[in-house]
Every structure is written in C-alpha cells, then in structure tokens.
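Here's the structure we're looking at; comments come further down.
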Amino acid sequence: MEPRDPTHLGKPTDYPGGYDAGLLDPIPRANGRSALGFGAEVPFIGVDVWNAYELSWLDARGKPRAVMAEFRVPAESPNLIESKSCKLYLNGFNQARVPDTDTLRTMLVHDLSAAAGAPVSVQLSTLTSPQSAIIANLAGEVIDDLPIEFRNYGPPDPSLLYGNPDAVAEEILVSHLLKSNCPVTGQPDWASVQIAYQGPRLGRDGLLRYLVSFREHAEFHEQCVERIFNDLLRQCQPSRLSVYARYTRRGGLDINPFRCTPGGLLPDNTRTARQ
C-alpha cells in the first residue's frame, strides 16, 4: 500500500454537486481472492449487506426526504463497491429531485447493480419503521474474555487456528475484537464477528488470537471475511461453516459480509449495539 500523505488532514472533501452514478468505484473481487488461492470457483456462497443511514433527496415539490436503505450485493458478483465512492454517490442525491421512492429505488438498483456486475437488491424504510429500531446481540457464545496472552497484531496468522478431530462440535462463537484497517484511507474498521460451524472443535484460544492478528492488517471488509472463512476451512476442515461480520458504520454506511458453505441460509439484517 502506498504511504498515506498526512497533508490531506483538515482539508475539505469535494462532495458532488448532484447525482452522478459515475462516482461508484467497482473493485474486482478477483484481486483479493487470487491472494487466497481462489480461481473462478470459490468454496462459499454469501452476500454483503450494506446499510445506508444518511440517504436523502428532494421530492417533486423540493421538500427534503430521508430514508434508511439496505443494499444486498451477492458474493458471486464480480465486483465489490469501494465504500467511500458509494458515500459520495449517495451524497449526490442530497440536492437531486426524485419524484418518489419507487423512482429512487429503481435508480439505486440500476446503478449499484451496474457497479457490482450483478443484481443488487435495495430496500428502503422510513426512519419510524419498526425494523429500524431493532438492535440485538449476535447469537452465540462470546470468547473475548479468555485469559490468554497476545503477541501478534498482524499479519493474520492462520497457523494459530486448530481443531480437535476427536471432538466434533456444532456451535456458534462470537468475538467483538475484530479490527482491521481500510486499504484506501488507513482508517480503522471495527467489527463483531460470528462463526458458526460443525466439525472438529475449534481451539478458542487459537481462534481469538487469530482474529486479533487482523488488528494492523489492511484489507476491505469483504476480503477480511473471505480470508477468515478460507483459513478456518483449510486449517480446521469443518463440514459446515459460516462467517458473518457486522462492521460499525463510517460516513453513514455499515458493511456486513456473510460467507457460508453451499447450502447455508443467508442472514437477516439486525443491527448490533455498536451499529
């Protein structure tokens, strides 16, 4: 990664003066997947669940409107969407006149799908809808209080992972200590991660040390989750596995990647306390 120039601090960002779908910056998923040894075939299915909390526009009378939006980008899409470009794109609606929410949704579906290279689903909800107020903990047993020493904060070390082949387990484990860095801006990305599996019982000390080893790692949210999934699959050989990370929001967006072995169910979209 190129060294960051600190002189940008305190300088204004050029926000768009109007709607511009060209602001969306697609990034080929193959870039990150090739580093994991994947070709055209990957051992998972999944989705990236985005929440946009700052979506506003002007209606036909010029009155500002505001909604929350959910975007679901399929993991099989050839591209992920760089998050800052998506923020700038959404900000372009602030002074744009859009007659109604159906038209807005149609525009979002068209533009996001074109950037991702696959159909993206869009749901819009009012700020008073019951779903917007639901906050819940990730299901599973939290492993963060294990009394163990930590020395590795990067790069991620899959050798820390191990399973006990003589003890088959089916369980869900949760950690709130996942932290990585944005490869574009260097800013910290914070997440809670839920790992559900069936197979050799995971060593919890090794799993927690492994998750903490992302702490100084620079990679997109989606790529971090695919790395975790891949390392668990290779090192521990579970028969069933899912990895779900709920990242805290930045700039009015949170991104929540989910990956699971084929046949698994895609997740709901309930916010955690930090979101």
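What follows draws every value from the coordinates through simple rules; no lab data is involved. In this text the structure is predicted, and so the values were computed from the model without any measurement. Reconstructed Cβ throughout: ideal geometry from the backbone, glycine too, with neighbour counts over all protein chains shown.
At R0 = 25 Å, how high is the FRET efficiency between ASN31 and TRP190 if r is their beta carbon distance? Nearest 0.05 is fine.
Calculated transfer efficiency: 0.60.
Taking region 201-263 as the region of interest, what is the percent of Cα-Cα pairs per 5 angstrom bin, listed from the shortest bin to the one with the maximum distance?
For region 201-263, the binned pair fractions read 4, 15, 25, 27, 17, 8, 3, 1 percent.
Taking Rh as the Kirkwood radius, which is the inverse of the mean 1/r over Cα pairs, what is the Rg/Rh value for the chain?
0.99
Hydropathy at least -1.0 by Kyte-Doolittle, axial extent at least 18 angstrom from the Cα trace: which helices of the chain, defined as entire DSSP H runs, fit?
For the chain, where a helix must reach 18 Å along its axis and average at least -1.0, the hits are 101-116, 221-236.
Within the chain, how many Lys pairs that are eight or more residues apart, or on different chains, come under 25 Å at the alpha-carbon?
Pairs that pass both the separation and distance tests number 5.
For region 11-133, just the Cα set please: Rg and Dmax, both in angstrom.
Rg, Dmax (Cα atoms, Å): 15.9, 53.
Whole Å is fine, so just give me how far the alpha carbon centre of region 68-131 lies from that of region 182-233.
Using only Cα atoms to place each centre, the spacing works out to 27 Å.
Once the mean 1/r over all distinct Cα pairs of region 171-275 is inverted, what Kirkwood radius in angstroms do you read off?
14.0
Tell me which residues come under 5 Å, amide H to amide H, from LEU178 once H is placed; ignore anything under 5 positions away on its chain.
Here the answer is ALA191, VAL193, since their amide H atoms fall under 5 Å of that of LEU178.
What residue among VAL120, ALA60, GLY22 has its Cα farthest toward the positive end of the dipole of region 11-133, where the charges are +1 on Lys, Arg and -1 on Asp, Glu, each on the Cβ?
Result: ALA60, furthest along the dipole toward the positive end.
Answer with one residue from PRO165, PRO147, PRO183: the one whose Cα lies farthest towards the positive end of the charge dipole of region 141-260, charges on Cβ with Lys, Arg +1 and Asp, Glu -1.
PRO183
Taking the Cα centre of the chain as origin, work out the dipole magnitude from +1 charges on Lys and Arg Cβ and -1 charges on Asp and Glu Cβ, in debye rounded to 20.
On the way: 27 positive and 32 negative charges, 93 e Å.
The dipole magnitude comes to about 440 debye.
Name the residue farthest towards the positive end of the dipole of the chain from the options CYS236, PHE214, ASN51, assuming +1 on Cβ of Lys and Arg, -1 on Cβ of Asp and Glu, about the Cα centre.
It is ASN51, whose Cα lies furthest towards the positive end.
Please compute the length gained on full extension between ALA21 and ARG274, using 0.36 nm multiplied by the number of residues separating them and subtracting their Cα-Cα distance.
The span from ALA21 to ARG274 would gain 88.1 nm if fully extended.
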